[in-house]
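The structure appears right after this line, and notes come after that.
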Amino acid sequence: MRLGNKVAIVTGAGSGFGEGIATRFAQEGAKVLVNDINADAGERVAGAIRKAGGSAQFVQADVTRDADWARLAQSALSTFGRLDVVVNNAGWTHRKKPFLEVSEAEFDRVYAVNVKSVYLSARHVLPTFRHQGGGCFVNIASTAGLRPRPGLIVYNSSKAAVILMSKAMAGEFGPDKVRVNCVNPVFSPETALSAEFAGGTITPEVRAAYLATIPLGRFSTPLDVANACLYLASDEASMISGVCIEVDGARCV
């Protein structure tokens, strides 16, 4: 078991990449705190993990709120007695559109979910990691932060911020034996936001256009992303910090 005796929080784990990460972590022995703003989705994932023989509890929380992060971090400690890994997976986007058509409310929401949430996770988890003598953050960014697509300027820039924030956190938190890494998935039709990235509808033509940008010829899957996170969260990556792994079939080359 690559994550035996480890406790992990996975945000946005009610579907898509987050569900894949939470499920894969549990398969490898982690006790998982499944977080999502959607209670039905989060309870479904936690229940499925338990049914399969894993250990999981659901905690509903809005990752853009300081008080919710305080409760989320405390829930891990009260439920499982410790906390070893935080996967900041929760994400949001505005619908694909020209930059000047993005509303201020959309801008604020994208940055709150994608960027502020990472700050809040560190604010409430780092003290525990320091007390325990170490820990691990895995932040889910995007290839959009490296190879931006038109019509998604605000989303692109928010993911670029996550990439740089992850590297900066790794440098600052390293003396505390806290590792911080980043995973950059490419577009996937299996995520709830895929239609928004595509402008509202994933037509066969849109699907083909996205696929044509990926040299390996297929989209990333939740399992692909989960396996990258699994490595970064495991002791096999004990000397890996401040890196970004592109799970993109060479899209960013």
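The values are calculated or read from the model by the stated rules, or taken from the named source; none is laboratory data. Worth saying up front: this structure is predicted, and the values here are computed from it rather than measured. As a convention, Cβ positions derive from the backbone with ideal geometry for all residues, glycine included, and neighbour counts pool all protein chains shown.
Which one of the conditions (1) at positive phi; (2) crowded, with 16+ Cβ neighbours inside 10 Å does Gly199 fail to meet, given that it meets all the rest?
The failed condition is (2).
Among the listed residues Thr143, Thr203, Thr191, which satisfies the condition of being closer than 17 Å to Val87 by Cα and out of contact with any Ser or Thr (no Cβ under 6 Å at 6 or more places or on another chain)?
Unique residue meeting the criteria: Thr191.
Give Phe80, Phe25 a once-over and let me know the one that is surrounded by fewer than 24 Cβ atoms within 10 Å (Cβ to Cβ), farther than 25 Å from Ile153 by Cβ and among the hydrophobic types (A, V, I, L, M, F, W, C).
When all the criteria are applied, what remains is Phe80.
Taking the stretch 210-239 as the search range and keeping residues that are in contact with a helix residue (DSSP H, G or I) (Cβ under 6 Å, 6 or more places away or on another chain) and of a type in the set (A, V, I, L, M, F, W, C), which one is surrounded by the fewest Cβ atoms within 10 Å (Cβ to Cβ)?
Leu223
Taking the criterion of being under 19 Å from Asn156 (Cβ atoms) and in a helix (DSSP H, G or I), would at least one residue in the stretch 234-246 satisfy it?
Within the stretch 234-246 (the criterion being under 19 Å from Asn156 (Cβ atoms) and in a helix (DSSP H, G or I)), the answer is no, since none of the residues qualifies.
Among Arg71, Arg50, Arg24, which is the only one that is within 15 Å of the chain's Cα centre (by Cα), at pLDDT 95 or above and basic (Lys, Arg)?
Answer to the check: Arg24.
If you check Val125, Val85, which single one turns out to be modelled with pLDDT of 95 or more, of a type in the set (Val, Ile, Thr), farther than 21 Å from Pro185 by Cα and in contact with a Phe, Trp or Tyr (Cβ under 8 Å, 6 or more places away or on another chain)? Full working, then the answer.
Details: Val85 fails: farther than 21 Å from Pro185 by Cα.
Answer to the selection: Val125.
Which residue pairs have Cβ atoms closer than 7 Å, lie 6 or more positions apart in sequence or on different chains, and pair a first residue in the stretch 67-88 that is small (Gly, Ala, Ser) with a second residue that is assigned to a helix (DSSP H, G or I) and surrounded by 15 or more Cβ atoms within 10 Å (Cβ to Cβ)?
Note: pairs meeting the criteria are Ala70/His124; Ala73/His124; Ala73/Val125; Ala73/Thr128.
Every residue in the stretch 165-221 that is part of a helix (DSSP H, G or I), hydroxyl-bearing (Ser, Thr, Tyr) and either over 23 Å from Glu19 (Cβ atoms) or at pLDDT 95 or above (or both), please.
Correct list: Ser166 only.
Please give the number of the condition Arg207 fails out of (1) touching a residue at least 24 places away in the same chain (Cβ under 8 Å); (2) surrounded by fewer than 17 Cβ atoms within 10 Å (Cβ to Cβ).
Tallying (1) touching a residue at least 24 places away in the same chain (Cβ under 8 Å); (2) surrounded by fewer than 17 Cβ atoms within 10 Å (Cβ to Cβ), Arg207 fails exactly one: (1).
Report, by residue number, each residue of the stretch 169-227 that is aliphatic (A, V, I, L, M) and touching a Pro at 6+ places or on another chain (Cβ under 7 Å).
Ile202, Val225
Yes or no: Ser158 in contact (Cβ under 8 Å) with a residue 40 or more places away in the chain, outside any loop (DSSP other than H, G, I, E, B) and within 18 Å of Val86 (Cα to Cα)? Break it down stepwise before answering.
Values: in contact (Cβ under 8 Å) with a residue 40 or more places away in the chain: yes; outside any loop (DSSP other than H, G, I, E, B): yes; within 18 Å of Val86 (Cα to Cα): no.
So Ser158 fails the test.
Which one of the conditions (1) touching a Cys at 6+ places or on another chain (Cβ under 9 Å); (2) small (Gly, Ala, Ser); (3) buried (at least 17 other Cβ atoms within 10 Å of the Cβ) does Gly242 fail to meet, given that it meets all the rest?
Failing condition for Gly242: (3).
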